[in-house]
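Peer 1: Please read through the structure below; I'll follow up with questions.
What follows draws every value from the coordinates through simple rules; no lab data is involved. Please read all numbers here as calculations on a predicted model, not as lab measurements. Cβ atoms come from the backbone with ideal geometry, glycine included; neighbour counts cover every protein chain shown.
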Amino acid sequence: MHKKKAMAKRSVKAAVIGAGMSGLIAARELRREGHRVVVFEKGTEVGGTWVYDPRVESDPLGLDPGREVIHSSMYKSLRVNLPRPIMGFLDYPLDAKPGVRDDPRPFPGHEEVLRFLQGFAADSGVVELVRFGHEVVRVEQVAEGRNDEWVVEWRTRDGEASAETFEAVVVCNGKFTEPRLAEFPGRSTWRGEQIHSHNYRIPEPYKDKIVVIIGNGPSGIDIAKDILHVAKEVHLASRETTKLEILEGLFQHSPAIAFLLSELQSRWVAKILSGKILLPSEEEMMSSVHEYYQRIEAAGWPKRHTHRLQLEKFDYENWLVGELGLPPLEKWRQNMYFTSLSLLMTLGENWRDTWDVEKWMKGEAGGEEEPDKINCTLEC
């Protein structure tokens, strides 16, 4: 998509909602670009969904609007499903420094990721920008046609409410807090226990029970394996027609490299706001949207997958890199991503501990293999 680059630079007052991974990197990139940044975080620490909270909501399905909402969907046994080298940020990797990181595994647990985000927030100075205990309850344009002024209203834990005007708002409050339930005949009248994965924490409550897990995404399969050794039976149900055998580790989902993507998007947004990069015309943007819908329809994807980027994720990342004037992303990142998918499907339950990532990085175990030669699936 062709567009002209702007020469003038401006500084805006920007609000970032959320101090999770995306909010932290957005705040850093906005400040690097010379913007004045305030981060609103309703919790008491940085990390967002990576902050493990053993509490569960009073309504296990998340349907009651009056329930106390627990932000994190983290379960105790969660480990990352992508290796360290392709997590973290370009200039702040998720490495395992001796004496600093407590989990040296190439696929660490969620505690390590939280420590990483805490370290990043401190080292980058972003933590100083965060207003903890401030929940944003309203974002609204000041007046019609004035798209450069926004009122952000927040509420503190003691009930105090206030508002402030900003020239830009970046929403980074995550997408894993509000459950999306599968509707099927009999669900509302069935008397058995029903729980959304958002409220799953540990396997012990399912000892000797017959459990049906609806959904074969990353969480569904992880939870199935987590309770497999305590439950009487575990059944995995999916709307997809592809058969899954959880005991042999067959998978159909595609993990996303969220850290890198959020970093590139944050840099792009920061430069849009400073005027270094100009958006295309509204007509060009709408034309691009329609073309994308046609591509995902041709691929057989339902519209609910509109914002999943697996169809052309590396094309999109490389487009962002080009927009930002950065060097092309190293090919090993793409190779490692596809290798992860392949091994995830073929090495079984302990695939994270079977793959010698360090050896692969040295090129001794297929590190130079082209992605299109790796036998894997990109279906979601």
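Peer 1: Starting at the first residue of the stretch 265-279, write each ³J(HN,Hα) from the Karplus equation 6.51 cos²θ - 1.76 cosθ + 1.60 with θ = phi - 60°, in whole Hz, x for Gly and Pro.
Peer 2: 5, 5, 4, 5, 4, 4, 6, 4, 5, 7, x, 6, 10, 9, 5
Peer 1: Taking H placed 1.01 Å from N in the peptide plane, check which residues at least 5 places from Gly20 or on another chain put their amide H under 5 Å from its amide H.
Peer 2: Distant-sequence amide H within range of Gly20: Gly47, Gly48.
Peer 1: Taking a cut-off of 22 Å, what percent of all Cα-Cα pairs in the stretch 60-180 are separated by more than that?
Peer 2: 56 percent
Peer 1: Pop the C-beta distance of Ser281 and Thr346 into the FRET formula with R0 = 45 Å and round what comes out to the nearest 0.05.
Peer 2: 0.45
Peer 1: OK, next. If you plug each phi of the stretch 281-293 into the Karplus form 6.51 cos²θ - 1.76 cosθ + 1.60 with θ = phi - 60°, what whole-Hz ³J(HN,Hα) values come out, in order, with x for Gly and Pro?
Peer 2: 5, 4, 5, 5, 5, 5, 4, 5, 4, 5, 5, 5, 4
Peer 1: Listing Arg36, Arg28, Arg295 from the residue with the fewest other Cβ atoms within 10 Å to the one with the most, what is the order?
Peer 2: In order of increasing Cβ crowding within 10 Å: Arg295, Arg36, Arg28.
Peer 1: Another one. 7 Å from Cα along Cα→Cβ at both Tyr92 and Thr354: what's the point-to-point distance in nm?
Peer 2: 3.5 nm
Peer 1: Hey, got a sec? Which GluC sites (Glu not before Pro) in the stretch 287-344 land in a DSSP loop and have at most 16 other Cβ atoms within 10 Å?
Peer 2: Loop-located and lightly packed - Glu312, Glu330.
Peer 1: Quick check: residue separation of Val151 and Tyr292 times 0.36 nm, minus the Cα distance between them. What number comes out in nm?
Peer 2: 47.5 nm
Peer 1: If you count, for each residue, the other Cβ atoms within 10 Å and average over each peptide, how do 275-287, 258-270 line up from highest to lowest?
Peer 2: The peptides rank, most packed first, as 258-270, 275-287.
Peer 1: Assigning unit charges at the beta carbon (Lys, Arg +1; Asp, Glu -1) and nothing else, what dipole magnitude in debye, to the nearest 20, does the stretch 197-244 show about its Cα centre?
Peer 2: 60 debye
Peer 1: Separate question: Evaluated at 20 °C with a viscosity of 1.002 mPa s, what Stokes-Einstein diffusion coefficient in µm²/s does the stretch 197-244 have when Rh comes from the Kirkwood expression over alpha-carbon pairs?
Peer 2: Answer from the Stokes-Einstein relation: 196 µm²/s.
Peer 1: Between Lys232 and Tyr316, what FRET efficiency comes out of the Förster formula 1/(1 + (r/R0)^6) with R0 = 45 Å and r the beta carbon distance, rounded to 0.05?
Peer 2: Calculated value: 0.55.
Peer 1: Multiply the residue gap between Glu193 and Arg333 by 0.36 nm, knock off their C-alpha separation, and tell me the result in nm, one decimal place.
Peer 2: 46.2 nm
Peer 1: Can you compute 3J(HN,Hα) from phi for each residue in the stretch 44-55, using the Karplus curve 6.51 cos²θ - 1.76 cosθ + 1.60 with θ = phi - 60°, rounded to whole Hz and x for Gly and Pro?
Peer 2: Calculated HN-Hα couplings, in order: 9, 8, 7, x, x, 5, 7, 7, 6, 10, x, 5 Hz.
Peer 1: Which far-off residues, 5 or more places away or on another chain, put their amide H under 5 Å from the one on Met74, with H placed in the peptide plane?
Peer 2: Placed amide hydrogens put Asp53 under 5 Å from Met74.
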